[in-house]
1. Order by neighbour count: A:M1, B:M507, fewest other Cβ atoms within 10 Å first, most last.
2. Which helices, counted as full DSSP H runs in chain A, have an axial Cα extent of no less than 20 Å and a Kyte-Doolittle average of 1.0 or above?
3. Find which of A:T161, A:P131, A:Q175 sits farthest along the positive direction of the dipole of the range A:127-179, computed with +1 on the beta-carbon of Lys and Arg, -1 on that of Asp and Glu, about the Cα centre.
4. Just to confirm the number: angle between the C-alpha axis of helix C:71-86 and the first principal axis of chain C, 0 to 90 degrees, nearest 10?
5. Which order do the peptides C:55-61, A:34-40, B:541-547 take when ranked by the mean count of other beta-carbon atoms within 10 Å per residue, highest first?
6. Could you let me know the centre-to-centre spacing of the range B:200-262 and the range A:1-47, using Cα atoms, in angstrom?
7. Based on other C-beta atoms within 10 Å, arrange B:H388, B:H245 from fewest to most.
8. Comparing C:P69, C:P39, C:P119, which has the greatest mean-square fluctuation in the GNM of chain C with Cα pairs linked when under 10 Å apart?
Amino acid sequence: MKSLTFFALNVSFVLPVLASLDLVTPPAFLALAAVALLIRRPERAPHLAAALAAALVLAFWVWLSNRLWTVGDDPARRALLLAVRSWALTGVSASFALGMRPAELLNEAMQIARLAPRVGFALYAALNTLPRLAEEGRQIDAVHRVRLGGGRSPVLARTVTLLARAVRSGERAAQSLAARGLESPAPRSWYRPVAWGRRDAAQLIAGLAASVALLALLVALGAFRFGFY
Amino acid sequence: MYDGPDGPARASATRAATIDAAARGPAAATATPEATSAPAADAPEPGEPAILLKDFELVRDGRALVRGDRWELGPGERVLITGPSGSGKSSFLLALAGLAPEHAPGLTLRGEREGRPSTGVVFQNPYAQLACPSVDDELAFALENAGWELSAMRARVAELKAQFGLGALGDRAPWTLSGGEAQRVALASALAARPKLMLLDEPLGYLDGEAAAGLVELATKAGREASWVVVDHDPAAWADWADTHYRLAPDASLCKEPIPVAGRRAVPASAAQADPIRAPAAAAASAASLPPDAPAAPKPATSILEIRGLSAGYGRGPEVLKELSLRLGPGETVAVVGPSGSGKSTVFRCLTGQLKPRSGSFLVDGASYTPNKRRPSPFAWVPQVPEHYFVYDSARAEWENGAASGSGASGAGSPRMADSGAPAPDHTTSGAGSPRMADSGAPAPDHTTSGAGSPRKADSGAPAADHTAPGLLAARAFGLEALAERHPFTLSEGEKRRLNLASALAMRQRILLLDEPQFGLDAASQDALEQALARLRAEGVSMLIISHDPDFCARVAHRVVRIGRPAAAAGDPIAPSEPSGAPAAAPRAPAAERSAP
Amino acid sequence: MNSAFKWKLRDIVVLAVVAAVLGVVWMGWTYAYELLKGPLKALHPGLKYLLVGFWFTGGTVIPYLIRRPGAALAGELVAAGVQGLITQWGWTSLLWGLVQGAGSEAVFLATGYKRWSLPVFLAAGAAAGVFSWVLDFFYENYAALGAVTWLIQIVSAATSGAVLAGLFAWRLGKGLEKAGVRPSGGEA
């Protein structure tokens, strides 16, 4: 399954969850999302299970805080609905995150969806910087703590340090990309060519159809209730 | 004149012959049409320079960095440009690469320029310049931009991997590589489309001895199809490689110099005036090991710091440190030497409570010590990246506010800055000079209040006095006084490191941990650093230094401890920042040519 | 004039990197918010909005550094996207990010992308708050609440946005400028 397809399908899964306020729709689309994930990256199943378990904790908090502090009528039911939706939403997001391959998505986006290479490679560069930045953030924090006797330095100082270095790093990356010809007007070729074929179209249509069908079914059964809050 | 083993590379007569061969080479080797954006870059006719600059001037923000009547780069020529850090050498490279002013704001090269060969650039920080998802993609990047056909790309990538020893790394993400590997990828990637001009900006700054030698060797083997310009502050590493050596003089001219003898740090005499610290001591300090007037290595009956049987590793990974034992006597300087990845930084991580050791113990002043990162530490820790150490936004605030208030502070709540005068409520800040200590207990929102810009004046009389004096003295001694109002990030590498030491001097902690203090410093700055360390030694500070440079360690330490095992990329040091197109809003003093470019 | 509006490669990369950092940093604030939201709501339903400003920083910090059209919207979107990937809010982040970014962008657009002073940033932060409230209005059924509550909410949101996003971005931006990071674009 192409990354673009997976992305598009997940959008179609999430919208109904966002726009529904009943007990059936969110879990139903969560199931669909889980299926999509398992088709694409079956090895991620245990991770999804773990994420869903963690999501229960959050859902519980949503339930509790709405139960105690909500406005309006019938707090009990509303709290339950919101909790279920929150759980499903987290699940769908987790399923998307687990199934995603960012590099692949960007590659396809540039070749198929006509995303400008400058943007695509800038995002690649950011993806490369992030892991080291995280480590660097921790190091800055550690150095500051030792310097200041165990307490933390002000957020502003740490942020300026980290961001200044991040920006410099970004500027360097831009120079390196430009030096290797990113901005050249000549037509570009691809080391990992991808093309949108009939199979992809079929998968996309099938997936979207499943989404629509599920929604239609739920509406027909009277289970679906439109609403945000 | 230097007479090296590679005779033909220097004799101009035979050079012409080499160039002929080179000129024919690329045409045959290039099986695929490469569409480049520059006008067709053919191999120049023998005798015709690859680049010729006439009446040129490189200007940034109105200041001339490099100028001259004529500068020529021959085809296949290998040029080394040296000069003090921050003098504009890197900017010159950016201009040669055609990256100015489009990708280097404020930088313009005026004058006549002939020759726009296809270019490849390698920068100092190995990680910042790699921007693709995998090594294979990185190598193919320049080829993609040039429109190469797929099978040709695959062949070229395989060829590059073989040539640069990157075979096993094809699928790796660049940020997971070691510094040496990443730099090799960067070099290979720059060479991929067979450019006619290769520009290397301090490529060795982040590499240890072995990796650096490896890179120079790769540059040597790369052949003569391209002209190369390498900018470096240490000419010794490139002595065998270079044909021509230019030095960027303080008056912004490029002077041809004899190629220095390979070996440790030849410091051209004229570099001496760039740094006030060097002036009195002169050249004598550079060559000798620990100067005769240094306090003799104390024979510690009691050690101020003792490490016993330290073993540590990351996560569930292999042991990076195995049973390390070490004693540091009062007033002693001990250096820990080893190649990248051998676990040196891990020692500091354990000492400062960042990493829990798997086994081992520490004793400070004879008493058992358990590092805890939330409590005051007996150490002052100057990290590898000088910018990480800075907390304030002016150099003055840095050296005035030294380090922590020391071990007097109790556990919970926030230790106040020793010189903060009247106790300040948690949510206000009196100005940019003083950091507001966030109370680590409550999750307080970070409301910032008034007080823009100015460094905090010494509004508190008495309490500040304790720390101001030593800080200011150190600042003077290290030649930083003129930089008082500058933001620490805008200083040159050497100045930043000295500023780190100046604020460390104002500390109460008696044990100083220094992580690769000599990284990326040019000869003059390194001498200044060594003088600063000598001063610290004289003050009786105990120092534990980590370094991959054994010569440096021999010169500054009483004792050297070697750590051996070259492990994988885990724990690889974070690169120091490179000089950037920094802007210093403040007007620059004339002597500031060594400041950030 | 046109050159001040055209995005350079460096701008795009810096946008990606800084916005990604913001998205990650927001994660910490997210959990704090979840903890504090309940008790604040107990005091008054409007008061939870006092905390939201921090999430509009994509639309204020990025435009400080990159003074070009679209910086606020793109900055907020990318940051929200990254935040969505790593927190439980997932996709909702993107939607709110879009609206919040649009709010900030509207302010910069109104100045013709020519004014980059403190009041403009405060306004941008406030606008993000107001736009965000409007979205919340539909999503959380505020029609049930009274006009007084709405007022408290809007004022809280706007204030929070102005301070935690606008003022914060200003301070951060000034700090970065001193450290040598020059804003690009504007009337440069």
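1. Details: A:M1 16, B:M507 21.
If I rank by nearby Cβ atoms, fewest first, I get A:M1, B:M507.
2. Numbers: long enough: A:3-18 (22 Å, 1.91); A:25-40 (23 Å, 1.71); A:45-69 (35 Å, 1.28); A:75-99 (35 Å, 0.84); A:117-147 (43 Å, -0.16); A:155-179 (35 Å, 0.48); A:198-221 (34 Å, 1.53).
TM-like helix candidates: A:3-18, A:25-40, A:45-69, A:198-221.
3. It is A:T161, whose Cα lies furthest towards the positive end.
4. Approximately 60 degrees, to the nearest ten.
5. On the way: C:55-61: 32.9, A:34-40: 19.3, B:541-547: 24.0.
The most tightly packed comes first, giving C:55-61, B:541-547, A:34-40.
6. 56
7. Details: B:H388 27, B:H245 21.
Fewest-to-most Cβ neighbours within 10 Å comes out as B:H245, B:H388.
8. Highest fluctuation of the listed residues: C:P39.
Coordinate-derived values only; no laboratory data. Worth saying up front: this structure is predicted, and the values here are computed from it rather than measured. Here Cβ is always computed from backbone atoms with ideal geometry, including for glycine, and neighbour counts include all displayed protein chains.
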